[in-house]
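S.K.: Okay, here's the structure, questions in a sec.
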Amino acid sequence: MKFFLTTICLSIFFVSCNNYKTNKIAPSSKDVQVFENQVSTFYIFRKAFNDEDIDLLMSNLSDTLKWSPPQYNNNVTLGYEEYKQTILGYFDQFDNITFYESEGSLFNVKTPAFWAGSVFSSVIDSATTSPLNMRVYGTWKAIHTESGAEVGNKWYGLFGFNEDGKIASISDWMDVSGMQNQIENHIIKGE
């Protein structure tokens, strides 16, 4: 009986391993190039934040941008103008706005900050190498202009790109109240 159970378990294991190997997918060279272009677009986006260059930042966005802000707003999708006004607000209130890719990870090694496609999914047979949606994570840091408080926020963003390579959609997540708490703590401590 032990031999029979061992044989059954090993057979299931080897069949599972074999199925995993045959289901592997790899991105095409075109998908790789599209993804690399999108990462480059994000680097320009990040530089524009740091330089507080609203024209450069907005030139990377589609004028039909759809934006889901980090704070809860009854899931109302906002657009290009609302995004621009929010960014101008950040520029007005903060200096040295800098994104540190993959910072905030639980790992003690530098991990990739940019991801696209999905090999694993909760929807059966939906594995894809498509770079149409790029995921980015890291930490935004800045100095609050009025108080001088150094603030930081872990951030996760989902970027969708159009056929022109412009950012067509953004969903981002961060602790919106976290920056205000850091500013208040800085003021209370009198730093």
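We did not get these values from a lab; they are worked out from the coordinates using the rules stated. Worth saying up front: this structure is predicted, and the values here are computed from it rather than measured. Cβ sites come from the backbone with ideal geometry, for glycine too, and all protein chains shown count toward neighbours.
S.K.: Excluding residue 172 itself, calculate the net charge of residues whose Cβ lies under 14 Å from the Cβ of residue 172, where each Lys or Arg counts +1 and each Asp or Glu counts -1.
M.R.: With Lys, Arg at +1 and Asp, Glu at -1, the neighbours total +2.
S.K.: Using a cut-off of 9 Å between beta-carbons, work out the net charge of the residues near residue 70 (Lys and Arg +1, Asp and Glu -1, residue 70 not included). Before the final figure, lay out the partial values.
M.R.: Numbers: positive: none; negative: 172, 175.
Taking every Cβ under 9 Å from that of residue 70, the sum is -2.
S.K.: Obtain the nm distance between the two label points defined at residue 80 and residue 50 by a simple spin-label model: each point lies 7 Å from its Cα along the Cα-to-C-beta direction.
M.R.: Between residue 80 and residue 50, the label points sit 2.7 nm apart.
S.K.: So between residue 188 and residue 26, what do we pick up on full extension, going 0.36 nm a residue minus the alpha carbon distance?
M.R.: Here the segment from residue 188 to residue 26 would lengthen by 53.0 nm.
S.K.: Using 0.36 nm per residue of separation minus the Cα-Cα distance, give me the extension gain between residue 126 and residue 59 in nm, one decimal. All intermediate terms of the calculation are to be shown ahead of the outcome.
M.R.: Values: separation 67, 0.36 × 67 = 24.12 nm, distance 3.28 nm.
Contour length minus Cα-Cα distance gives 20.8 nm.
S.K.: Looking at region 27-189, how many pairs of lysines come closer than 19 Å at the Cα, when each pair is eight or more places apart or spans two chains?
M.R.: Count of close lysine pairs: 11.
S.K.: Quote to one decimal, in nm, the extra length available between residue 145 and residue 173 on full extension: 0.36 nm per residue of separation minus the C-alpha distance between them.
M.R.: 7.8 nm
S.K.: Next up: Using only the Cα atoms, what convex hull volume per residue in Å³ does region 27-189 have? If you can, show how the numbers build up before the last one.
M.R.: Values: hull volume 22.6 nm³, N = 163.
Per residue, the Cα convex hull of region 27-189 comes to 139 Å³.
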